[in-house]
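These notes concern the structure reproduced below.
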Amino acid sequence: MHEAAVIEISKFGPPEVLKIRKQSIAPPAPDEMIIRVRAIGLNFADIFERLGLYAAAPKAPFVPGFEVAGTVEEVGSSVEQFERGQRVLAVTRFGGYQTLLKTQQSLVRALPDDFTFEEGAGFATTYLTAYHGLLNLAHLQHQESVLIHAAAGGVGTAAVQIAQVFDAEIFATCGSQEKTNFLKEMGIEHTIDYRKTDFEKEVRSRSDTGGIDIIMDSVGGETFRKGYRLLNPMGRLIVFGLGDLMPSGRKPNWPKLAYKYLTLPRFGPAKLIGDNKTVAGFNLAYMFKFKSTFSDSMDQLMAWVRDGRLRTVVGRTFPFEQAAQAQTYLQSRQSIGKVVLTVD
Ligand SMILES: NC(=O)c1ccc[n+]([C@@H]2O[C@H](COP(=O)([O-])OP(=O)(O)OC[C@H]3O[C@@H](n4cnc5c(N)ncnc54)[C@H](OP(=O)(O)O)[C@@H]3O)[C@@H](O)[C@H]2O)c1
């Protein structure tokens, strides 16, 4: 038996509901391994979960967390690809906020030699999300135009890098001058601060076709509507998040939330057929049974890492014990790239 420290959502609520406790970890089954976690990638969904707004999550109490990096502590009897002490990264369906993680070997990859644990921790779920939207669903082609919302964030920066592999014409939205400057440093010409200017008008005037081939939208509400209008014929709108439903304060404003939820756009089949447009959605949390999709996507991502095409942007780290502060920072809309917890 091993003993881990875990951070759990003890009940739904503000950041203080995150509590550290000890937990025993039984030895791994034959195809499992135990990772000594050195860093944990935070995801926006962790906050929705803590607030009780994430349908895919278990009932509280539970341990959140979708991605980690660390070293192999112990392997099951049929694990041959990994050995004790090896540096690894992993995607996990909840349970990532812990110092020892037991997981299936299929969800683990070797950590690239030149990646830090922090970079590794911010990779798996984040890049799988961007990859699934852009490649598995939108089938991004060389030099297509791509509009990426929340482009300076974790998934956003991953999507930017993947789109750059395809030499795409990227339009990137974000909510501050600091983020705009950062996106320009990433090599993006068409940056749009949505707080200063209407992104729909901006894209129309700047794009050669007046529209966009692919949109990666994790914001929701009005951006879905504008995005649909902006799609070129044969365009693909990928919806994978509802950032607009995130409360700005410590608790949900239920009437406001209900209004936003009930007024989300509906895309009818007759209109989709007539417009020749595609709208697709996904949530990785529901996709763990599609093992080959995960595995193939991850293998391609790791190949691009080896080619130097992808590298996690780590914006800020917090110690494990400060998960509440880290989540508050991520919720504040100020973060750039990934927010990561470090474990000593
Ligand atoms: N479906 C899936 O499987 C999946 C997987 C991973 C992530 N996601 C979704 O992808 C999105 C990005 O996730 P992430 O973890 O990489 O987070 P992130 O982009 O690093 O941080 C969230 C960003 O969203 C933007 N945002 C837009 N509206 C917001 C609001 N009302 N409140 C707070 N922030 C808002 C902010 O950037 P700007 O103000 O600069 O736009 C903020 O910095 C989230 O919506 C998440 O739920 C979905």
Could you name the lysines whose alpha carbon sits less than 18 Å from that of K271, not counting residues in the same chain fewer than 8 places away? K226
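Which trypsin sites (Lys or Arg not before Pro) from region 1-102 combine a DSSP loop assignment with at most 10 other Cβ atoms within 10 Å? Working shown, then result.
Details: sites: K11, K19, R21, K22, R36, R38, R50, K59, R84, R87, R93, K102; in loops: K11, K59, R84, R93.
Listed in order of number, the matching sites are K59.
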Per DSSP H run of at least 4 residues, take -39500 (n - 2.57); add these up for the chain, divide by its residues and hand me the 222 nm value, nearest 500 deg cm²/dmol. -8000 deg cm²/dmol
Fewest-first sequence of E16, E178 by Cβ atoms within 10 Å of each Cβ: E16, E178
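Over region 127-284, what is the relative contact order in percent, taking alpha-carbon pairs closer than 8 angstrom and at least six residues apart?
Working: 263 pairs, mean separation 32.1, N = 158.
Normalised by residue count, the contact order of region 127-284 is 20 percent.
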Stokes-Einstein D for the chain, Kirkwood Rh over Cα pairs, 4 °C, 1.567 mPa s (µm²/s): 63
Can you give the extra length, in nm with one decimal, that the chain gains between E80 and R309 once fully stretched, where that is 0.36 nm per residue apart less the Cα-Cα distance? 79.6 nm
Between T209 and K291, what is the label-to-label distance in nm when each label sits 7 Å out along the Cα-to-Cβ direction? 3.9
I'd like the distance separating the alpha-carbon centroids of region 111-135 and region 267-303, in whole Å. 18
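Please report, to one decimal in angstroms, the Kirkwood hydrodynamic radius of region 127-284 built from all distinct Cα-Cα pairs.
Details: mean 1/r = 0.0632 Å⁻¹.
Computed over region 127-284, the radius equals 15.8 Å.
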Output for region 212-302: chymotrypsin sites (Phe, Trp or Tyr not before Pro) sitting in coil per DSSP, at most 14 other Cβ within 10 Å, listed by number, reads F290
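Using only alpha carbons, build the gyration tensor for region 74-205 and give me the equivalent ellipsoid semi-axes, biggest first, whole Å.
After diagonalising the Cα gyration tensor, the semi-axes are 35, 16, 12 Å.
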Using DSSP to define loop residues, name the chymotrypsin sites (Phe, Trp or Tyr not before Pro) in region 145-209 whose beta-carbon has at most 12 other beta-carbon atoms within 10 Å. none
Sort D213, D31, D299 so the one with the fewest other Cβ atoms within 10 Å of its own Cβ comes first. D299, D31, D213
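What percent do you get for the relative contact order of the chain when only Cα pairs under 8 Å and 6+ apart count?
Numbers: 732 pairs, mean separation 62.0, N = 344.
Once divided by the residue count of the chain, the mean separation gives 18 percent.
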Helix hunt in the chain: which complete DSSP H runs extend at least 30 Å axially by C-alpha with mean Kyte-Doolittle at least 0.5? none
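A short reminder: the numbers here are calculations on the coordinates, not readings from a lab. Bear in mind that the values here come from a model prediction, so they are computed numbers and not experimental data. All Cβ positions, even for glycine, are placed from backbone atoms using ideal geometry, and neighbour counts span all protein chains on display.
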